[in-house]
Every structure is written in C-alpha cells, then in structure tokens.
Amino acid sequence: MTNHPETRGGRRGRAHPVLLAVPALACALALLVPGCGGESGPLEPTGLAITLGSRRVQITRSIEVEVVNAYPAARDEHPDCDWYVDGILGGSAMKGTVTQTNPATFTAPSVVPAGGAVEISAVSQSDSSFTASDTLAIVFTVRYVDVEDGSDMSSGGTWANPLRTLTYALDLVDDGDTLAVLPGSYDPDHGEAGNYFIPGGVALIGTSRDSCLISGSGTDYSVVRLGDGAVIAGFTIGNWDADNIAILTTGGGLIRDIAISEPFGFCGIRADGERRRRDNDVVIEDCELVNTETPATGRALELYYGTHCVVRGCTISGWQYGLYVNRDSDPLIERNTITGNGYGIIAAGGGALLTDPDLGGGARGSDGGNTIRDNAYVGVYNWTEATIWALDNTWTTDPPTEGPTPTDFMNTGGGAIIWTR
C-alpha cells in the first residue's frame, strides 16, 4: 500500500486501495494512440491490412481483430494467418492473447503492460512476406470518489481531485472503468439521487464495508442495481424504505464483501434470471447478511427465475428465509454459515421450472463446507421433486434429522436430499 503524504482539504492524503494499485495511464495512452473505436490501419504494401475493433481496450477486456487482403478486388477475403502480440505467437499473459482465427479475438492482460500499448501483427500462412501490424493501447481507468473532499466536475476523478457523489460518477463511467470510493456516507443527505445503477463492465469498489455506506430510497425497488458484468465490493448497504431490495442483479458480475444495514423487509440481495433459463451467473461471496432489527422476517438472498449463480463464504442469519431458491435456479452454494433463520434454505419450483441447488457434491461442483444449523424450523426444505446434493456440510445434529420441525431436512415435493456418501 502506498501512502500519499499530500493534504487535501485539510486532511492527510490516504492510501490507494491495494487492488486498484495499477497505473492510471489512460491520459498518457491517449497520446500514444489517438482516436478510438473500429478504426483500420493503413493499407500495407505487403498486401494485408488489420482492422481493430477499437484503438484502446480496458485490461481483461476483449475486442475483435481482423486481417483482410488490401487489394480492392480481394478485400472480402479473409486469409489464413498467424497472429502475434509484440512478436509472440498467440501472445502471452503479460501482453494479452489472440486467437488463431480470422477474425480473431484479442484479450487484454490483467495489468497495463510496459509502455501502455502492444503491437498486433498478422503473417499470411501462404506467404510469410505478407504481413500487417497495428498498435493497440491497453488502459485501466480509475476515478476516485470522496464525499468529504470531492467535487463533481467533468475534469474530476483523479486522486488529487476526486468526485463527490456516486450519482455523478456513475454517469461518467465507461465499460471497464473502476470507481474507487473513499470512506464516508453516500446517501441523499449528501447529494445522492437515492438509488444507484452500476453499468455493465463497471466496478464500484469501496475502501471497506466498515467505512463506506451506500443508502437511499430505492424508488425502483432496489437501492443498488447491477448491469450485466458489473462489480460491487466493500460497502454496507443501508435503506430508507423497509420494503426495498438492497442489491438487484439480472446478469453476471460480482458482489463481494457487502454488509446489509437493516431493515430490508423484502430481501437483501436478489439474483434474477428474468425468466431466461439459468441466465444469471453472478458470484456472491464473503457477504454478511444479518438481520437483528426485524428478526424472522424477509429473505437474505432470493435466487429467482433461472439463477445460475454462486453463493460462497457468506454469513446469513436472522431472516425468515436465509436463501430462497425458486423457479429453474441451480445455484452453487458452498462454505457459507447459515444459522438462526426461520428456514435456512428453501427450494421451490418444479416441472419445467425445476429448482436444484448444489450444496455439495452435485452437478455444479460445490465443495459443500456449509454450516446449516440452529434454524428455527428447517435447515434445508426441499419443496420440489428434485434431488438436492448436500455432501460435506455441518448440521444441527449428527447425523442430521428429517422429520417434524425443528429439523435439518424436510421434503414435501417428492424429491430427496443426499447428505452422505
């Protein structure tokens, strides 16, 4: 961690979050490679020309690259070629990789390479004297947000000149950007709109869930909503309307290190496949969903309408339902602590919308390792005709019980729970 000794607004500078300690080279790179978006390199005298899907790409993102014959009569031909990244066939982890197809896919490395750019080259397989190359900038854009010392202006977002509100910052971001959020309360009393949409491909990273609070009115039924591929980590989510959802996601992405500040009368986090069979594959991990203010009400996690998500390493306690899994969902559930709820996990939905969570040893590859105990009525309630795998977990009793409440298992839909090998 790098400390910044400068003072902003009478306060000592603070450290960059560790996971964001990647050079913010976007401005410098714009000088290296001007322009962006779907531009072609010049026609090569060697007979080939490269088209890049973009002139710059965010780290870990992919773009299409294509080589064509440069002669006008043959421009629609796609010659077989070998692709190189900085002279390395197929590329490398440090430079990015490219598929050996035409069109090909270039995937940027996880960090910005030295110099901030790479050379993409194609060599004709039929005649190695036919080559083409072009330069692609690799960028990583970080904007800082600080409710105490920031100011919302289009030129803001640097460490020395941060933005003030998430509302303003989220309107500025592009795919692949990261918003690094410094400690404080981000809510309508401090200029926020009250609900927050994180666009797909954008990461909203708080310093820690103990120091960064997001809260609002949630007029669209959720305080935070994630676009497909969005990331949120390091926050406590608060609520001004007890009937809200803290976080709603309908696609892929990551929800990590989130705590729920009560009350959320409906549910804490909802992963919804939107009636598209198993379309939502968000990862929810290392979150703390504990309901002490209105115990035995609401749902900590609602996994709904085709959820193909992962729930890992979470603490879930005090709700009516810890995990409510419904309608064609098949989540991978492992290494969670699910205690002190009315129902630890309930699986509902059958027929064409059969629900079959994997709690250990099932088709999704769960390691198990869940602690599911001391729930008031049922630890795992199978209300479907599915067989639910639940190997290598810890239960209230050893061996676990199945019968009248309170009990570890209950089956009322004709299905089964496999808990031992």
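A compact table of results
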item: In order through the range 406-421: 3J(HN,Hα) via Karplus (6.51 cos²θ - 1.76 cosθ + 1.60), integer Hz, x for Gly, Pro; result: x, 8, 6, 10, 8, 10, 10, x, x, x, 8, 10, 9, 10, 9, 7
item: For T101, net neighbour charge (Lys/Arg +1, Asp/Glu -1) across residues whose Cβ lies under 14 Å away; result: -4
item: Nonlocal amide H pairs with A117, under 5 Å, H built at 1.01 Å; result: I138
item: Cα centroid separation, the range 101-172 to the range 396-421 (Å); result: 51 Å
item: Residue-averaged [θ]222 nm for the chain, counting only DSSP H segments that reach four residues, each worth -39500 (n - 2.57); result: -1000 deg cm²/dmol
item: Size of electric dipole in the range 310-421: Cβ of Lys, Arg +1 and of Asp, Glu -1, about Cα centre, debye, nearest 20; result: 180 debye
item: Mean Cβ count within 10 Å, highest first, over the residues of peptides 341-348, 311-318, 183-190; result: 341-348, 311-318, 183-190
item: Extension gain (nm, one decimal) between A160 and T387, 0.36 nm per residue minus Cα-Cα; result: 76.1 nm
item: Exposure rule at most 13 other beta-carbon atoms within 10 Å, DSSP loop GluC sites (Glu not before Pro): the chain longest free segment; result: 78-273
item: Listed candidates (i) 18, 31, 23, 18, 9, 2; (ii) 27, 55, 16, 2; (iii) 24, 44, 28, 4, 0 - label of the one calculated as P(r) over Cα pairs in 20 Å bins from 0, in percent; result: (iii)
item: Sites D80 and A363 - FRET efficiency at Förster radius 41 Å, r taken between beta-carbons, to 0.05; result: 0.55
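Every read-out reported here was derived from the displayed coordinates using simple, explicitly stated rules and does not represent laboratory data. Quick caveat: nothing in here was measured; it's all calculated off a predicted structure. In this analysis, Cβ positions are derived from the backbone assuming ideal geometry, glycine residues included, and neighbour counts consider all displayed protein chains.
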